[in-house]
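Shown next, in structure tokens, is the structure this report addresses.
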Amino acid sequence: MKSVMGGNALRIRAIAIVCLAGLLAACGTSGDSSSGTNTASAPGITATTITIGSTQPLTGRAAPGYSEISPSSNAYFNYVNDHGGINGRKITYYYYDDGYNPTNTASLTRKLILEDKVFAMFSALGTPTHLAVVDYINSQKVPDLFVSSGCNCWNDVSNHPYTFGWQPDYTIEGKILGQYIQKSLGGKKVGYFYQNDEFGTDGVKGLDAQLGASSVPDASRQNYVPTNTNIGPQIAALKASGAEVVVSFSIPAFTALALLGAAKLGYHPIWVVSNVGSDVTTLTGLLKNFSKGAVGGALLGGMVTDAYLPLTGDSANPWISLFKGIHDKYVSNLPWDGNVLYGMAQAYTFVQAMKAAGRNPTRASFVKALETTKLSGGPGLAPLGFSSSNHLGFLGVQIYTIAADGTQTTTGPVYTSSDSGPISQYSGSASTPPANGIP
Amino acid sequence: MVAVQSRLDRLVRPTFGRHLLFALAAAVVLLLLSSQIGAYDDYNLTAVAIFAVAAAGLNLLTGLNGQLSLGHGALMAIGAYTASLLLKDHHQFPVIVVLLAAVLSTGVIGIGFGYAAARLRGPYLAGATLTLAVAIPQVATRYKSIFGGESGLTVAPSSPPDWLGADFPPERWLAWIAFAAAIVTMVLLANLLRGAPGRAFKAVRDNEAAAALAGINVARTQVLAFVVSAACAGLAGALLAYWTGVTAPAGFTLALSLQLITAIVIGGLGSLAGAVWGSLVLVFVPLLTSGMASRLSLPSSVADNLPLAIYGCILVIAMLVAPHGIQGALRRILAYGRARWGNTPGGGQKGVVDWDDPAPDT
């Protein structure tokens, strides 16, 4: 056994040396990476395949909506595979159900890395679940791409050099929503309704930075925990505080509960809901379900929210027609909604990153390529922020409103920001997808 | 002098000595096994050892003392949070200190709760322990600054000592810690159960009035069983904190308590070996079923729920085939073999198998 272990260590060292040499060679002759033959350059990469993995809430309380994300990413990967793959390699995507339970995430992540030998983690979903494994993934030096959570904890280059976020972080989102309230709903009393974890508190941090912490009294700051669906008292407190605008950092089920709770009390503030809790298709379904058909999407009329991807109903947008086409062909059993778009757009960014890393990447050279190559935002409205000092994804959002019939209309330009910096208007133009839909 | 000697012999040789020998053998086997398998298998065996500690404690309470607890997941949470709070802010405590602190804190809470539990019977006890399972995770959410809220407290792994070499897999080191903890727990529990407390536990389970008439303090026996059981859960919780790398309320839902009950029922009520069998099922069966979601091309609404459905079916079949659990089934097979081929130490009649052998003890 000892000798086998020694052999392994030796082999790893040999691979490392070869890779280093390859990297140096690549530096010397840049642009050479697109030609040549495929080698098994890293764990999870063979001459013909790339294997990646993910942990997702396919069942349990976080599953509604979010369980659509990984099948949609897989649909895009299948589309890429059917069109020749990445440098001739087909993508194999394993995603396991952790039921949003960190204990399961810990075990399944080890299964992916130690047994399935994935090249990289991709799109692992959830703040508490992924926090359980982020140290482990980095200690194994496995690229940890595009965590499906807007916690700014993923942007920690010194402690977690292999981890990258993707969606705009909740603080940036809070700031830009706050700016909209100042400009368009100025003078109205504002209240908060938020999830009592990093998701909600990061969002509130951004709102407070923009609106001023003192402008929203404690009585107008109500929170919920996702395990308790009785949010009546919080909504009553918001009504009593006289808030005319309620900013909600909530997951879809709790956005729906809040809307129904307020309607029951005859309370009709202007709802400003963060992106993750505002998908029209998901909310309409939940509202019908919770009210046993009594009310539907009409309750969403007048809601203000934001987006960093094109709107799913915008059929004139070339990205939407591309992804809608893939949806219809590969995962037509899922509803065409924001979660499907999210999964596909994330997969698109992954293929971009894979291509940027050249023909025979190692784990380290892949991360390096992601930090040094200026990736286009692809379907994103704002640019991607990846650099050697920043592992945040999209840097900004655009505000849009929802009408009673479900029509979504964007208002104003795309704004970008950072956790501490100012908000600025993004002047770049929207990109168009490549002809075959593959970066 | 001779009398004392023989009493010592009786105390040490047949039980403690045998348990120690068995533990030593188990330690050697596990040590050899863990160095032959890959890091991922080590990691899963660690989980088996952790669940075996908790399930053994619960089996003592439920199988041998007749008290049903739906709150053992919450007791594990107390152990896990004790460990995580000690290790918060990169404090370096030796593993043994962390584990003992968890045992102590959970044991103390077990005393308080044991007193309440000793007054309750059947469904009332189940209800009271259920409150524990529901309430404890909420405490972590409510006092966010201490317990880290929904995202919990991260736990730094215990890195292997230098003398094992730089390439030693941390999974194997954690496996050794968990094996050691499980073996020590099993030896202590086995001794406890072979002695007067074990007999008292069973007497109280079978008939409280008869036990009281025989001079057993029923309430005190029940509290003792609860405390020992809680301490085991605390130890398992602390190990689980190392194993998971994070202690968060979502990891200690009611489902965890129910899993432990599943483990002892499937493994065999009232038997320490049953706790081990049950933990093996608990860890390895979901692993076998979990990969199916992405490898079969089924509609996602089916594929997502398939692993849970298969897991449920396996449990149902297991209960039909082996109503006394895996340990009960093994005993039956053994009893059948003995009856068939002679050697009936229990004085049973050769050639006759007692199929209605009640739930086995230790």
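Rule-based calculations on the coordinates, nothing more; no lab input. None of these values were measured; they are calculated from a predicted model. Positions of Cβ are generated from backbone atoms using ideal geometry, with glycine treated the same way; all protein chains shown enter the neighbour counts.
Does chain B classify as rounded, prolate or oblate by the C-alpha gyration tensor (a ≥ b ≥ c root eigenvalues; a/c under 1.5 gives rounded; else a/b over b/c gives prolate, otherwise oblate)? Rounded is the answer for chain B, as its axis ratio a/c remains below 1.5. Taking amide H positions as modeled 1.01 Å from N, with prolines and chain starts lacking one, the residues under 5 Å from residue A:49 and 5 or more places away or on another chain are A:90.
For the residue pairs A:111/A:141; A:183/A:264; A:117/A:374; A:111/A:324, alpha carbon separations beyond 23 Å are given by A:183/A:264; A:117/A:374; A:111/A:324. Rg and Dmax, both from the Cα atoms of the protein assembly as shown and both in Å, are 29.1, 100.
Computed from backbone phi with θ = phi - 60° and the Karplus coefficients 6.51, -1.76 and 1.60, the 3J(HN,Hα) list for region B:171-186 is 5, 5, 4, 5, 4, 4, 4, 5, 4, 4, 4, 5, 5, 4, 4, 4 Hz; x is used for glycine and proline. Considering only B:38, B:247, B:234, and ranking their Cα positions along the charge dipole of chain B that arises from unit charges at the beta-carbon of Lys, Arg, Asp and Glu, the one farthest toward the positive end is B:234. Applying both filters, DSSP loop and at most 11 other Cβ atoms within 10 Å, to the trypsin sites (Lys or Arg not before Pro) of region A:345-433 gives A:374. Here region A:127-193 and region A:304-366 have alpha carbon centers that stand 19 Å from each other. Ordering B:263-269, B:319-325 by mean Cβ neighbour count within 10 Å, with the highest value first, yields B:263-269, B:319-325. GNM on chain A, alpha-carbon springs under 10 angstrom: the most fluctuating residue among A:143, A:128, A:252 is A:128. Qualifying trypsin sites (Lys or Arg not before Pro) in region A:264-341, where qualification requires a DSSP coil assignment and no more than 13 other C-beta atoms within 10 Å, comprise A:292. Mean partner shielding of peptide B:147-154, defined as the number of other chain Cβ atoms within 10 Å of each residue Cβ, is 6.
Per residue of peptide A:60-71, the mean number of Cβ atoms on other chains within 10 Å of the residue Cβ is 2. For region B:113-222, applying the loop criterion from DSSP together with a ceiling of 14 other beta carbons within 10 Å to the trypsin sites (Lys or Arg not before Pro) yields B:119, B:121. Distance check, please: which entries in A:175/A:205; A:90/A:368; B:88/B:144; A:239/B:144 exceed 20 angstrom between their Cα atoms? Result: A:90/A:368; A:239/B:144 exceed 20 Å. The angle between the Cα long axis of helix B:218-244 and the main principal axis of chain B comes to about 40°, on a 0 to 90 degree scale.
Selection among B:66, A:216, A:331 by position relative to the dipole of the protein assembly as shown gives B:66 as farthest towards the positive end (Cβ unit charges, Cα centre).
If you take all other residues with their beta carbon under 10 Å from the beta carbon of residue A:206, and give Lys and Arg +1 and Asp and Glu -1, the sum is -3. For chain A, the longest principal axis of the Cα atoms and the long axis of helix A:69-82 meet at an angle of about 40 degrees. With respect to chain B, whose longest principal axis is taken over its alpha-carbon atoms, helix B:2-11 is tilted by about 50°. When +1 charges are put on Lys and Arg Cβ atoms and -1 charges on Asp and Glu Cβ atoms, the dipole computed for region A:218-321 relative to its Cα centre reaches about 380 debye. Can you classify region A:307-404 as rounded, prolate or oblate using the Cα gyration tensor, where a ≥ b ≥ c are the square roots of its eigenvalues, rounded means a/c under 1.5, and otherwise it's prolate if a/b beats b/c and oblate if not? Note, shape of region A:307-404 comes out oblate.
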